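Peer 1: Have a look at this one before I ask anything.
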Amino acid sequence: MTKRLYFVFLLFFSGTIAAQRPGKEIYILSESSKTPVADVSVYTPDFSFSELSDENGYVSLTRLSDTATVLLLSAIGYETRVINPHSLNNTNIYLSPRITTLNDVMIRASAKSGIFKSISELDIHLRPVLNSQEVLRLVPGLFIGQHAGGGKAEQIFLRGFDLDHGTDINLSVDGLPVNMVSHAHGQGYADLHFVIPELIEKVNFNKGPYYADRGNLTTAGYVAFKTKNFLPTNFFKLEGGQFNTLRAITGLNLLKKETVSKNQSLYLGAEGSFTQGYFDSPQDFSRFNGLLKYHGQISKNSSLTALISGLSSKWNASGQIPDRAVADGTIGFYGAIDDKEGGNTSRYNASAEMVTRLGNGSTLRNQLFYSRYNFELYSNFTFFKEDPVNGDQIRQKEGRNIFGYNLNWQMDHHFANKKAQFSSGLQLRYDDINNIELSRTKNRSQVTEAMMYGNINELNTGLFAQEKLFLNNRWDITAGIRADQFANKYEDLLSNQMKSSSSLIVSPKFNVNYRINEKVQLYWYNGQGFHSNDTRVAVQQNGKEVVTPAWGSDFGGIFKLGKKAVLQSAIWYLWMKQEFVYVGDEGVVEPGGKTRRIGWDLSLRYEMGRNLYADMDISLTDPRALHVAKSESYLPLAPRFTSVGGITYRKEQGWNGSLRYRYMGDRPANEDNSVVALGYFVTDAAINYTKKKWEAGISVQNLFNTKWKETQFDTESRLQNEPASVSEIHFTPGTPLFARLSFNIFF
């Protein structure tokens, strides 16, 4: 079936290629670096013409009326420029960089970037991330928590979900999937530590299951990171701080400036970091990252982006500790019951993407990618509950190859005399997972019991299509549909059995935007998303519940309040047919039944004065299990009230800095709310002094040295001298006051 559909796609594309014709065009570049500027809004005052520049700064003017004499070019971080399109002497248009003002923000949903484009662009310009853990915190309302050393993927919380390590959020970097399906430690495990934060160009995110081009795990939403195609300047950055922390980062252009100005770039990024950590037992965490990336226009109508990246990391961990051991003085707040926890991981990626303009407003994207991944983790959640002699330490281990292909075709056209945009695509992902293991171990070296051991093959084929119709300058509607097929196979090497299953799910989408004026836009989004089950469980289900649908709806608005404020707010609903809870230390998935979540989100960005900005995000959620007694309908660890925000002072040169908070309210830790995971309020600060050739700064996490629990679980465990197991909160302590100095040179 897939081969036949792909053949139809190729026939259609070949016909489009034959029909291409040249048209009017411009290229938008930065005046300072002479590099392309993507996502520039190019429009007429009445919005009869409106386009966004692509990654090469390209905008087609073929649909611009011959009578139009004024064209505006606007982008966050650049001065707005006004031109007469019919008096251009050159196709290159230059924009002057400047510190962002909220006056630059345009209120309108982008066909390419979604309803959160304005918020995302503002945040990445005004408060760039300081470290790899800060990457995901750019998403309003998203919280993360580390609970097994700095090398393991963080716990993620969003929209009333305890997302574990990524079960219900789709993460990608430059088109590469981050989530690992059927992972040794949990379905959808998403480790973003292979991303170097200083090389992030933008973060595209949306909440909910409303986007046809996003497939597996897109229920709470998705986050798509894009690294820079061009380095504006070479840099070397050195950081050092408490707990014997050291981090070095560099970015180097490997081509001459003259070549870069011709839309050709090749750069190298590298990062090395080490820390002993703040725990009583040294963490001895180390990580090494590298990225080699090429971007170039290889013909008038085609560009190529290719990259190779690698990550290697290892660490020790103190794991989760029980309240009772801290209360009776057995261990300290930063102590450990089993100090032999920890692990190592590596990931190596290769990707090549060709983008071709086919004419008539049509664009074709082809991407091939490959990842080689290894993971080994030692944990002990229950201590001596299962094995009173050797302890309950477990090893979760795997090695996998990921092969993938993304095809996306987009065409601007007219339907019933209305402007429209059609897009469709094919997405293939094949995971070849070898020797996936769950074993009981002692001191990391001795296997005491083999629990699960085998090989997994998982193929996900996704097809999607959507049509966006602009009814007029105020209304647009988008209808989309997506079909995903899964083929799962598991070879159990302990029982010498081979099992397989397959499943198909079709997901419709329907979205409406209404732009009241240049300051107010309302939206109503609806759709189905889904998450897949672990292959080892899916093959036991005879094809049932291999994938689980989730239906959602958002009703909200984006508001420009005067020239100094942008507000976005929505009420939303999400229903899930089956909530899966993966119990990693037992290698099983527990069905949680049907659930629903109702919530309210608010994001506010306010320009308090020249170069001074304030932001605040609030999320209120009521997450509940369905068809159970109300007193037992709480969803364990699901956040109910969260808020993040802060103040930022930002200048091109001189002093700049920020003061930020994050608040997580108390949460039920079990189904009847008899055990509570306590909330926390933590404040971070940073201050820098920037000059053209260098920058120096200091950042402080947990400025007021709050004692807080970063991750918490209601777990049944037994200490070595206890007669029976005890169920209570087990936690990983959050970072105490942690100061770091940094020095960055630009050359």
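The values are calculated or read from the model by the stated rules, or taken from the named source; none is laboratory data. Keep in mind that this is a model prediction, so the values were computed, not measured. Please note: Cβ atoms are built from the backbone with ideal geometry, for glycine as well, and neighbour counts cover all protein chains shown.
Peer 1: Could you run through the stretch 190-207 and say how many residues are of a type in the set (A, V, I, L, M, F, W, C) and outside any strand (DSSP E or B)?
Peer 2: 5
Peer 1: Go through the stretch 349-364 and report how many residues are surrounded by 17 or more Cβ atoms within 10 Å (Cβ to Cβ) and either in contact with a Phe, Trp or Tyr (Cβ under 8 Å, 6 or more places away or on another chain) or not in a loop (DSSP other than H, G, I, E, B) (or both).
Peer 2: 11
Peer 1: Residue by residue through the stretch 128-155, note down the ones that are small (Gly, Ala, Ser) and either at pLDDT 85 or above or assigned by TED's automatic domain parsing to the domain that holds PHE375 (or both).
Peer 2: Selection gives GLY141, GLY145, ALA153.
Peer 1: GLN541 - would you say it is assigned by TED's automatic domain parsing to the domain that holds ASN434, in a loop (DSSP other than H, G, I, E, B) and of a type outside the set (A, V, I, L, M)?
Peer 2: So GLN541 fits the description; yes.
Peer 1: Here is a check on your reading of the model: is LEU637 outside any strand (DSSP E or B), aliphatic (A, V, I, L, M), surrounded by 14 or more Cβ atoms within 10 Å (Cβ to Cβ) and on the phi > 0 side of the Ramachandran plot?
Peer 2: yes
Peer 1: Take GLY175 and decide whether it is within 24 Å of ILE76 (Cβ to Cβ) and out of contact with any helix residue (DSSP H, G or I) (no Cβ under 9 Å at 6 or more places or on another chain).
Peer 2: Spelling it out, GLY175 is indeed within 24 Å of ILE76 (Cβ to Cβ) and out of contact with any helix residue (DSSP H, G or I) (no Cβ under 9 Å at 6 or more places or on another chain).
Peer 1: Restricting attention to the stretch 484-516, and to residues there that are among the polar types (S, T, N, Q) and not in a strand (DSSP E or B), which single residue is surrounded by the fewest Cβ atoms within 10 Å (Cβ to Cβ)?
Peer 2: ASN496
Peer 1: Here is a list: THR233, THR250, THR218, THR167. Which entry is modelled with pLDDT of 95 or more, in a loop (DSSP other than H, G, I, E, B) and among the polar types (S, T, N, Q)?
Peer 2: THR218
Peer 1: I'm trying to understand the selection: among the residues of the stretch 50-96, which are at pLDDT below 85 and either among the aromatic types (Phe, Trp, Tyr) or touching a helix residue (DSSP H, G or I) at 6+ places or on another chain (Cβ under 7 Å) (or both)?
Peer 2: ILE76, GLY77 - these are the residues of the stretch 50-96 that are at pLDDT below 85 and either among the aromatic types (Phe, Trp, Tyr) or touching a helix residue (DSSP H, G or I) at 6+ places or on another chain (Cβ under 7 Å) (or both).
Peer 1: Here's a follow-up. I need the full set of residues from the stretch 216-236 which are in contact with a Phe, Trp or Tyr (Cβ under 6 Å, 6 or more places away or on another chain) and either outside the structural domain of TYR267 (by TED's automatic domain parsing) or under 28 Å from ASN56 (Cβ atoms) (or both), in order please.
Peer 2: Matches in the stretch 216-236: VAL223, LEU231, THR233, ASN234, PHE235.
Peer 1: On to the next question. May I ask you to verify whether TYR613 is among the aromatic types (Phe, Trp, Tyr), assigned to a strand (DSSP E or B) and under 17 Å from VAL139 (Cα atoms)?
Peer 2: no
Peer 1: Let me ask another. Since TYR649 meets every condition but one in (1) surrounded by 20 or more Cβ atoms within 10 Å (Cβ to Cβ); (2) touching a Gly at 6+ places or on another chain (Cβ under 6 Å), which condition does it not meet?
Peer 2: Only one criterion in (1) surrounded by 20 or more Cβ atoms within 10 Å (Cβ to Cβ); (2) touching a Gly at 6+ places or on another chain (Cβ under 6 Å) is unmet by TYR649, namely (1).
Peer 1: Given (1) under 23 Å from the mean Cα position of the chain (by Cα); (2) surrounded by fewer than 19 Cβ atoms within 10 Å (Cβ to Cβ); (3) hydrophobic (A, V, I, L, M, F, W, C), where does ALA614 come up short, assuming only one miss?
Peer 2: All conditions pass for ALA614, except number (1).
Peer 1: Since ALA538 meets every condition but one in (1) in contact with a helix residue (DSSP H, G or I) (Cβ under 9 Å, 6 or more places away or on another chain); (2) crowded, with 20+ Cβ neighbours inside 10 Å; (3) at pLDDT below 95, which condition does it not meet?
Peer 2: Among (1) in contact with a helix residue (DSSP H, G or I) (Cβ under 9 Å, 6 or more places away or on another chain); (2) crowded, with 20+ Cβ neighbours inside 10 Å; (3) at pLDDT below 95, the lone unmet condition for ALA538 is (1).
Peer 1: Further question on the same structure: Taking PHE274 as the residue in question, decide whether it is on the phi > 0 side of the Ramachandran plot and out of contact with any His (no Cβ under 8 Å at 6 or more places or on another chain).
Peer 2: The answer is no for PHE274.
Peer 1: I'd like the full set of residues that are touching a Ser or Thr at 6+ places or on another chain (Cβ under 6 Å) and among the charged types (D, E, K, R), limited to the stretch 673-695.
Peer 2: Hits for the stretch 673-695: nothing passes.
Peer 1: Then there's this: Can you tell me which of GLN521, GLN485, GLN528, GLN540 is in contact with a Leu (Cβ under 6 Å, 6 or more places away or on another chain) and either more than 25 Å from PHE580 (Cα to Cα) or in contact (Cβ under 8 Å) with a residue 24 or more places away in the chain (or both)?
Peer 2: One residue alone meets the criteria, GLN485.
Peer 1: Shifting gears a bit: Tally the residues that are over 18 Å from GLU376 (Cβ atoms) and either touching a Lys or Arg at 6+ places or on another chain (Cβ under 7 Å) or free of Cβ contacts under 8 Å to residues at least 12 places away in the same chain (or both), restricting the search to the stretch 433-462.
Peer 2: 3
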